[in-house]
Amino acid sequence: MVEEIIGCPHEEGIDYPQGDFCPECTYWKGRDRFSGEMVH
């Protein structure tokens, strides 16, 4: 278990389409889920 949030809690392919961004967690769109840095 980690002490911080690591990315979006929703699952790709289950909560939103595979290869897309989660519509509920706009903060994580284009960000690395571990560092929080922009990747695009």
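Identify which of the listed values of Kirkwood radius over Cα pairs in Å was calculated from the structure shown: (1) 11.2; (2) 14.7; (3) 10.7. Read-out taken from this structure: (3). When the trypsin sites (Lys or Arg not before Pro) in the chain are filtered for DSSP coil states and for at most 13 other beta-carbon atoms within 10 Å of their beta-carbon, the remaining sites are LYS29, ARG33. Remark on ARG31: its backbone amide H falls under 5 Å from those of VAL39, a criterion applied only to residues 5 or more positions apart or on other chains, H modelled at 1.01 Å from N.
Bear in mind these aren't lab numbers, they're just calculated from the coordinates by the rules spelled out. What you are looking at is a predicted structure, and each value in this text was computed from that prediction instead of being measured. Heads up, the Cβs are rebuilt from the backbone with ideal geometry, glycines too, and the neighbour counts pull from every protein chain shown.
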